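Structure first, then comments.
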Amino acid sequence: MLEKSLTKEEWTEALKGLQSAYKVFVPVKEGDFHNFRLLKNGAKPSFDFQNTRLSPKAVIFPQSERMFEYSLDESKEDAHIIKETPKDFSAQAIVGIRPCDALAFQLVRINFDNPQYQDPWWVQRMDATTLIGFACNDPCASCFCTSVGSGPFSEKGLDALMVDLGDRFVVKSLTTKGEALLKSSHPERMQAAPSLSRCRIWPKPRRRRSPPRFRRIISRTRWGMSCFTLLFGRGFLLPASTVEPAPISARRVGASTSRMKFAKRKVTGSATGMPVCSPFSPITAPATIPGTKNSSG
Amino acid sequence: MVEYTPKIREIARKLLEKGTVDVFIGYKKGTVAMMNEPVLIKDPAEVDLLHWDSHCGLNLCNYLTGRTDRIGLVANGCNSRNIVTHIIENQIKREQLYIVGIPCTGIIDHRAVKRAMGNREIREVTEEAESFTVIGNGFQETFQKKDFLRTNCAVCLHRNPVEYDEMVADPVPEQEGVNPFKDVEGVERKSADEKRQFFTQLISSCIRCYACRNACPLCYCPTCFVDESRPQWVGKSIDPVDTMTFHFLRAYHCAGRCTDCGACERVCPVGIPVRQFTKKLNKDAFELFGWEAGVRPDQRPPLDVYRADDYNGFIK
């Protein structure tokens with residue numbers, strides 16, 4: 001765990017420094033309300049709020065986004081071929097998220113990241129995101145976070161938690177992801193954030209490990225060592241802490257593939273003129289597709 | 001206006017006990033400061049819930065559409081005009097209604113009050129005759145109501161109800177010398193590009209929650225055009241083109257019907273001045289047809305009238 005105490009000016013400078021390694025989303029005052037916006041030239045972070053008007057849900061799960069693309073230009077080789085729209089899953093940080101909003105992501109996870117189904121875009125965005133919480137010193141009279149499993153200083157679902165002490169912020173890391181961000185945010189030691197694949201994601205990934213007693217017995221005998229190393233590889237007998245989780249891209253390859261399988265299906269016209277998917281024929285699109293704007297976007 | 005409350009309760013009790021009405025629709029004090037809620041009362045023992053002050057900003061006419069029972073309800077100037085519009089559009093019959101008229105001196109803009117208090121959280125607002133006091137954790141401040149009126153109330157020309165069965169107090173003097181369309185004239189002076197920019201900026205924060213539509217008593221279609229999917233008239237995304245199509249189409253559906261009650265603006269969670277869309281059409285209806293919505297119960301609105309002597313050639 002890493003703790004840092006920074007004046008508010010130092011923190012603002014540190015956030016600017018983070019931009020080299022992360023897309024940084026911060027609360028920005030717009031008219032009467034605060035909202036999360038990408039920190040770039042001109043956007044001034046403001047932590048002087050009770051609650052933002054909207055939660056930063058859209059950073060992970062946008063209200064609408066382009067899913068597929070195709071071209072109607074017959075001269076192109078890939079005309080009518082529906083392709084997945086390239087997406088940016090680079091590292092990003094939401095700084096100043098309230099603990100209740102952070103826990104809400106874990107509730108969304110129940111639907112989007114479970115043993116039966118992993119939404120590839122949601123999971124990749126979530127994995128690439130570091131959540132820096134902002135504790136509520138003065139919760140609203142109408143807040144109900146304590147009734148739904150969260151709280152003004154709750155650490156659930158967060159990678160780090162910052163607390164306003166008046167003239168300065170104290171920031172405490174809660175996960176390796178949060179620690180990596182804090183290390184790279186140090187104003188004196190600007191450095192790129194480490195590869196996220198080396199960071200422990202929240203919740204902690206399950207590791208395959210043998211029962212400790214069984215492992216101890218077989219590691220004491222040379223025969224046991226040779227046999228199990230041959231069968232399962234050396235990693236089986238190493239202490240669990242030295243087994244690195246696979247990179248994000250490798251872990252999620254199954255989910256991405258299922259999305260691509262969908263893209264390879266044929267699109268034919270339905271009775272209503274809307275394209276429908278048929279799994280039996282190669283992909284082609286009708287010459288004219290109603291609602292071109294929506295079809296491409 | 002808080003002094004109207006005992007009289008409203010007395011009338012409601014009388015109506016319910018005598019059986020003149022089956023239900024009485026009014027406001028009750030909300031759990032959050034400055035947020036009074038609509039309430040439907042059927043039991044005379046519950047009339048003490050009824051409340052009236054300068055925070056009754058929602059339009060009760062929403063609760064009349066298609067009802068078949070006998071209804072008593074409170075109505076200030078704009079709400080009563082919406083009742084008349086409902087009667088004209090055959091959504092309710094006049095015989096079903098017992099209208100308790102409220103001479104209104106304006107509703108307070110809760111956002112303006114919050115703005116004045118900065119980040120301090122408001123716990124309670126109490127109202128005196130022409131002033132109100134804002135109370136929070138460790139502070140208490142008093143303001144004059146006239147400085148915090150909603151923009152539609154500040155330029156209102158119909159404070160007293162146009163249709164009622166009983167008034168709770170004597171009519172208040174109507175405002176004189178106000179120009180309700182001053183801001184529209186400002187927009188009219190802009191070039192086409194500036195207007196596009198103005199409206200694009202206006203709706204940039206819209207999240208398509210449809211609170212404006214739901215709060216509007218004119219939006220009573222069984223299926224709204226934005227909810228249709230076959231055919232889909234308008235995209236459901238927050239793309240500026242889709243959002244602008246929604247707002248413009250909704251405004252045109254309200255042409256010659258909007259009473260400028262301000263409910264749409266009050267409920268917008270992101271603070272879009274929605275009335276900027278509808279007010280231009282109110283101005284056109286007034287300038288082209290001399291029509292103010294909901295003021296004349298005995299006349300058909302200009303957009304559903306055919307006249308053989310119409311001065312427009314295309315209609316013949």
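The values are calculated or read from the model by the stated rules, or taken from the named source; none is laboratory data. If you're wondering where the values come from, they're calculated on a predicted model, not measured in any experiment. With ideal geometry, Cβ positions are generated from the backbone for all residues, glycine too; neighbour counts draw on all protein chains shown. Keep in mind that these areas ignore ligands, DNA and RNA; they rest on the heavy atoms of the full protein, side chains included. Shrake-Rupley method; radii C 1.70, N 1.55, O 1.52, S 1.80 Å.
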Distance in nm between label sites at A:Lys29 and B:Phe286, each 7 Å beyond Cα in the beta-carbon direction? 3.5 nm
Give the relative contact order (percent, whole number) for chain B; include only Cα pairs under 8 Å separated by 6+ residues. 17 percent
With the label point 7 Å along the Cα-to-beta-carbon line of B:Glu3 and a cut-off under 20 Å to each amide N, the hits in region B:154-186 are B:159-161, B:166-175
Calc'd 3J(HN,Hα), region A:123-132, phi into Karplus 6.51 cos²θ - 1.76 cosθ + 1.60 (θ = phi - 60°), Hz, glycine/Pro = x, comes to 5, 5, 5, 5, 5, 7, 9, 9, 9, 9
Over region B:22-178, with the other protein chains present, what is the accessible area per residue in square angstrom, probe 1.4 angstrom? 43 Å²
With a 1.4 Å probe and all protein chains left in place, how much accessible area per residue does region A:115-170 have, in Å²? 42 Å²
Given H placed on each backbone N at 1.01 Å, which residues far from A:Arg37 in sequence or on other chains put an amide H within less than 5 Å of it? A:Val26, A:Val28
Take every DSSP beta bridge with both residues inside region A:75-175 and express the antiparallel ones as a percent of the total, to the nearest 5. 45 percent
Relative packing of peptides A:68-80, B:125-137, A:45-57, B:251-263 - highest average C-beta neighbours within 10 Å first: B:251-263, A:45-57, B:125-137, A:68-80
Considering every pair of different Cα atoms, what Kirkwood radius, in Å, is found for region B:120-210? 17.5 Å
Shielding by partners - mean other protein chain Cβ count within 10 Å, residues of A:96-107: 0
According to a simple spin-label model (label point 7 Å from Cα along Cα-to-Cβ), what is the distance in nm between B:Arg94 and B:Leu157? 2.3 nm
Cross-link pairs beyond the 29 Å C-alpha cut-off, checked among A:Lys8/B:Lys146; B:Lys93/B:Lys145; B:Lys145/B:Lys283: A:Lys8/B:Lys146; B:Lys93/B:Lys145
As a test of understanding, state the convex hull volume per residue of region A:1-97 from its alpha carbons, in Å³. 175 Å³
Cα convex hull of region B:26-77 - mean projected area over all directions, nm²: 4.1 nm²
Could you run the numbers on buried accessible area between A and B, total for both chains, 1.4 angstrom probe, in Å² to the nearest 100? 1200 Å²
Run the simple label-point estimate for A:Ala79 and B:Arg120 please: 7 Å along Cα→C-beta, distance reported in nm. 6.9 nm
Using Cα centres only, tell me the gap between region B:1-58 and region A:147-167 in whole Å. 41 Å
Size of chain B as Cα extents on the principal axes (Å, biggest first): 56, 49, 44
Ratio of alpha-carbon Rg to the 2.2 N^0.38 Å globular estimate for region B:82-121, to two decimals, please. 1.98
Estimated FRET transfer efficiency (B:Asp147, A:Asp48; beta-carbon r; R0 41 Å; 0.05): 0.95
Report, ordered by chain and residue number, the aspartates and glutamates lying within cross-link reach of B:Lys114, taken as a straight Cα distance under 14 Å and ignoring same-chain residues fewer than 8 apart. A:Asp32, B:Glu124, B:Glu141, B:Asp147
Solvent-accessible area, 1.4 Å probe, carbon plus sulfur percent, for region B:242-316: 57 percent
Which number comes out as Rg/Rh for region B:14-158 once both Rg and the Kirkwood Rh are worked out on C-alpha atoms? 1.02
Value of D in µm² per second that Stokes-Einstein yields for region A:69-191, Kirkwood Rh from Cα pairs, at 10 °C (1.306 mPa s): 93 µm²/s
How much length is gained on full extension from B:Val32 to B:Val172, taking 0.36 nm per residue of separation minus their Cα-Cα distance? 47.5 nm
Report, for region A:1-125, the % of DSSP beta bridges that are antiparallel, rounded to 5. 70 percent
Using a Förster distance of 35 angstrom, determine the FRET efficiency expected from the C-beta separation of A:Met1 and A:Thr146, and round it to 0.05. 0.90
What ratio of Cα Rg to 2.2 N^0.38 Å holds for region B:161-316? 1.18
Length added when fully stretched, B:Glu128-B:Arg67, from 0.36 nm per residue minus Cα-Cα: 18.4 nm
Are there any residues in region B:183-209 with a reduction of at least 40 Å² in accessible surface when going from the isolated chain to the assembly of protein chains? Probe 1.4 Å, please list them by number. B:Ile207
About its Cα centre, how strong a charge dipole does region B:182-277 have in debye, to the nearest 20, once Lys and Arg get +1 and Asp and Glu get -1 at the Cβ? 120 debye
Taking H placed 1.01 Å from N in the peptide plane, check which residues at least 5 places from A:Thr130 or on another chain put their amide H under 5 Å from its amide H. A:Gln92, A:Ala93, A:Ile94
